[in-house]
Structure formats: structure tokens, C-alpha cells
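First comes the structure, then the notes that go with it.
The values are calculated or read from the model by the stated rules, or taken from the named source; none is laboratory data. All values derive from a computational prediction rather than experimental measurement. Neighbour counts are summed over all protein chains in view; Cβ atoms, including those assigned to glycine, are modelled from backbone coordinates with ideal geometry.
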Amino acid sequence: MDKISIIVPVYNVEKYIRDSLNSALAQTYKNIEIILIDDGSKDSSGKICDEYKQKDSRIKVVHQKNKGLSGARNVGLDNATGKYIMFLDPDDLYETDSCEKLYNYIEKTNSDFVIGNYINMSENGTKWENPVFDKNKYLEFKLSIEDYTNSFYTLNSSVCNKIFRKSFLDDIQIKFVEKLPAEDAIFTTYCFIKSKNVYFIPEIVYNYRLRESDSISTSCNKEYFFGINKAYYIIYNNFLENNCIDFYRYFYAKSMNYILYKFIDSDKLTKEERIDVLEEMKWFYTLSNDLKIPTILKSVQYIIESITEKDYDQALKYCEILNQVRKMLPKELKEKMSKPSANTYKQIEEF
């Protein structure tokens, strides 16, 4: 059996890390190494890492000054000795046969990487009723840059529900871009652009914990939006330089609505900072017209038009109206409102 390297970036997760590591150690596939990167944790996470290292020889621990999520994962990649690479965030969980399922399929198909299904769970670990990808709709299949429907939907940004062939990552010379948000999206989209063989399997291989501390209102400050702007520019250029703009249009529609509603919902920005963000990201919103992307709601169209015309005061007025409306909506409806509809994607395909 070939070795799988599981990279786990660790930072201030003493509440969750034991469950996470137990899920990795319980794998039915035994030839694994678990690389724990203690990224300058201020709680007991680093000590827990050392405790688990004493329990199982498959565990390696690296203690370092804080470099952020991307920096920690890059150190993990540098220390990985397996034929395959997987990622586990220290507050999430694997299924007991996650490694086995992904390994068997990447070997069977000789893929560059394989994507598995995943399911969300609440902060207390209660799993949601259904996985993210409908098992009746998305069966196992080979992804293609020419397939703008099935491939787009199953190519989620996270690296954690996937297994990568290490030689493939080495060949394309990819690392995580440090000190930027959306690092996963940069990584996974570039891997897809450069890949020749990628598959999706409908089996659940990952359990993603939704934590209240990750809420939009507490994290989306000016620095975050400036970082997102840089990340989105990198992603756009990667698609552009590799002549994959047709596929990018779908990614753009999802990203544009996602980040616009984060901007609308954020309570961490002054009016002056909001204008700075809109000015910085004007190029991105202007792509809506250049790429012929339909908007979800008429109100969003008005906001985009105001931004592209540099009428930021008017754009902020529309944003404030939507902000007040969204405060009265249940979480599920807010989430639905923030995502392009199937009809939106169908309109993209028609252009």
C-alpha cells in the first residue's frame, strides 16, 4: 500500500483537535503519516499535538511561529513523504474509510486528484441530513474543463475533501498563496486548470464543522476584502492565461454574489472603508458586464451598475437596503439568496 500524507494545520483548536485526530487515526487505510503543523497556537493545541505524537509513530509534529493557514499547509507539503496528499482541518472529521475510498479511486483511475462528497455539521458535531452534493444527481464521473455544469458544481474550493497525487503537485509547482483569504480556491482551481484526469465520487469522505465564530459580521473587515480582491485577481489571471474563461464565467458568477453579500452583511466597515473596498474591487464587478453574467436580483444589478459607474454613494444605499432586509431573513433563506440560481447558470450557458 502506498503512503498517504495527511496535512493538518493547527491553530488554537484545543476544543476540537482530539476528535479530528481520532478520526484520522481510526482510518481503515493504515499506511498514513499525519503531519501536524502547530502554527504558533496560544492555547493547549501544541501540547495536544505532542501528546498524540507519543501515542502513534505515524504522527509528525512541527512547531512554528504563526504563518497563517497557507504557511502551515506549505510546511506540511515540504515535510510530506507520501505518494498522495490529503488535508484535514483540525476542527473537522474524516469518515473512517475516507482514505481508503479516495486511495482506491485515485489508483483505479490514475487521476491527478479525486474529489469526494462531504457533509456539513453544526458546531456541536451534529451532521446535517444531506450531503452537499446530491447522491442521486451526482454519480461518479470524470471532470472536464469543457463541462460547465457537473464539473463546476462538484469542483468546490476546499482542498479537504480531495486526494492529490504528490507528483502532480510537484510537476505544476503549486503551493498555497500565503497571507490571503480564498487560498483554497486559488489552489484547487489552478490544479483543475492544469490537470488531465480528475474524478468525483459521491461517497461522503469529509465532515465540515460550521462554527459560529466564523460568522461574516465578525471577520469581514477592510483587510479581508483587500485580500479577497488580490486572491480573485490571481484566480482570474490563471483562467485567462490558460484560455479557460468559459469555465471561469461560472466560477465568477458564484464568487461575485458570494463576496457582494459578504460586503453587504459586514458590520466591520466604515462608510469610507466601504468606498475604498468598492474602488479596489471595481475591476472585479466590471467583469459582470464583460463576461455577460446575469445577476440574481434586480437590486444586485443596480449595485453592480452603480459600482461600475463609480457612483459609490448610490451603491451603498442599495447595499444598506439589502442589509436591512437580510437581517430579517432566516439563515437558510439568506444562504439561498447569496447563491446564483440554476436559471442563472443556464443563462450563462446560453451566452
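Among the residues of the range 329-346 satisfying the criterion of being among the basic types (Lys, Arg) and part of a helix (DSSP H, G or I), which is surrounded by the fewest Cβ atoms within 10 Å (Cβ to Cβ)?
Per the stated criteria, the residue is 331.
I want to confirm something. Restricting to the range 158-194 and keeping residues that are hydroxyl-bearing (Ser, Thr, Tyr) and touching a helix residue (DSSP H, G or I) at 6+ places or on another chain (Cβ under 7 Å), which single residue is nearest to residue 32 (Cα to Cα)?
158
In the range 78-97, which residues are over 21 Å from residue 208 (Cβ atoms) and either out of contact with any Ser or Thr (no Cβ under 7 Å at 6 or more places or on another chain) or surrounded by fewer than 17 Cβ atoms within 10 Å (Cβ to Cβ) (or both)?
Answer for the range 78-97, where residues must be over 21 Å from residue 208 (Cβ atoms) and either out of contact with any Ser or Thr (no Cβ under 7 Å at 6 or more places or on another chain) or surrounded by fewer than 17 Cβ atoms within 10 Å (Cβ to Cβ) (or both): 78, 79, 81, 83.
Which residue, of 258, 224, 302, 208, is of a type in the set (Phe, Trp, Tyr) and touching a helix residue (DSSP H, G or I) at 6+ places or on another chain (Cβ under 8 Å)?
It is 302.
Condition check ((1) surrounded by fewer than 17 Cβ atoms within 10 Å (Cβ to Cβ); (2) outside the structural domain of residue 187 (by TED's automatic domain parsing); (3) within 19 Å of residue 148 (Cα to Cα); (4) among the polar types (S, T, N, Q)) across all residues:
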| position | (1), (2), (3), (4) |
| --- | --- |
| 236 | no, yes, yes, no |
| 239 | no, yes, yes, no |
| 251 | no, yes, yes, no |
| 255 | no, yes, yes, yes |
| 259 | no, yes, no, no |
| 275 | yes, yes, no, no |
| 285 | no, yes, no, no |
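Please work out which one of (1) surrounded by 15 or more Cβ atoms within 10 Å (Cβ to Cβ); (2) closer than 22 Å to residue 100 by Cβ; (3) free of Cβ contacts under 8 Å to residues at least 60 places away in the same chain is the condition residue 75 fails and give its number.
Looking at each condition in turn, residue 75 falls short on (2).
Does at least one position in the range 53-67 carry a residue that is within 25 Å of residue 123 (Cα to Cα), in contact (Cβ under 8 Å) with a residue 12 or more places away in the chain and surrounded by 16 or more Cβ atoms within 10 Å (Cβ to Cβ)?
So far as the range 53-67 goes, no, none of its residues is within 25 Å of residue 123 (Cα to Cα), in contact (Cβ under 8 Å) with a residue 12 or more places away in the chain and surrounded by 16 or more Cβ atoms within 10 Å (Cβ to Cβ).
Got at least one residue in the range 236-254 being at negative phi, touching a Lys or Arg at 6+ places or on another chain (Cβ under 9 Å), of a type in the set (D, E, K, R) and assigned to a helix (DSSP H, G or I)?
Yes, that holds for at least one residue.
Would you mind finding the one in 154, 149, 109, 126 that is surrounded by fewer than 19 Cβ atoms within 10 Å (Cβ to Cβ), within 19 Å of residue 206 (Cα to Cα) and among the polar types (S, T, N, Q)?
126
Name the single residue, out of those in the range 238-262 being closer than 17 Å to residue 294 by Cβ and basic (Lys, Arg), that is farthest from the chain's Cα centre (by Cα).
249
Report yes if some residue within the range 281-297 is closer than 19 Å to residue 224 by Cβ and charged (D, E, K, R); otherwise report no.
Within the range 281-297, one or more residues are closer than 19 Å to residue 224 by Cβ and charged (D, E, K, R).
Mind checking which residues of the range 303-328 are surrounded by fewer than 17 Cβ atoms within 10 Å (Cβ to Cβ), in a helix (DSSP H, G or I) and out of contact with any Ser or Thr (no Cβ under 8 Å at 6 or more places or on another chain)?
Once the filter is applied, which keeps residues that are surrounded by fewer than 17 Cβ atoms within 10 Å (Cβ to Cβ), in a helix (DSSP H, G or I) and out of contact with any Ser or Thr (no Cβ under 8 Å at 6 or more places or on another chain), the range 303-328 yields 313, 317, 320, 323, 324, 325, 326, 327.
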